[in-house]
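The values are calculated or read from the model by the stated rules, or taken from the named source; none is laboratory data. Source: prediction; values computed, not measured. All Cβ positions, glycine included, derive from the backbone under ideal geometry; neighbour counts span all protein chains shown. Side chains are part of the model used for accessible areas, which takes the heavy atoms of the whole protein and leaves out ligands, DNA and RNA. Shrake-Rupley method; radii C 1.70, N 1.55, O 1.52, S 1.80 Å.
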Amino acid sequence: MFGRFGWAEILVVVVLVLILFGHNKIPGMMKNLADGINVFKKELNVKKSKKAEKEEASTGIERKASAKKNAPKKTTKVRRTSDKKGKK
């Protein structure tokens, strides 16, 4: 009974909303609703990015520690150059 709305019920609701609020206030209300939804989405993205940064930071510390343990020792190559200007 209440689960299905036909076109007639929707039309009655739209007419009642227009009568109660007037045609001038409805665009402002929709703008405020859209702004609220955008702020909500932005906050969700900020929370997700902060959570990802925390996870990345914790795995980054673990990676650095394991990389230092498993890293091969660095050796430097010494090049020997002869002084060719002095010899002819």
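Can you put GLU53, GLU43 in order of accessible area, largest first, using a 1.4 Å probe? Don't skip to the end; give the middle numbers.
Values: GLU53 120, GLU43 95 Å².
These residues rank, largest area first, as GLU53, GLU43.
What is the spin-label model distance, in nm, from LYS41 to VAL14 if the labels are put 7 Å beyond Cα along the C-beta direction?
2.4
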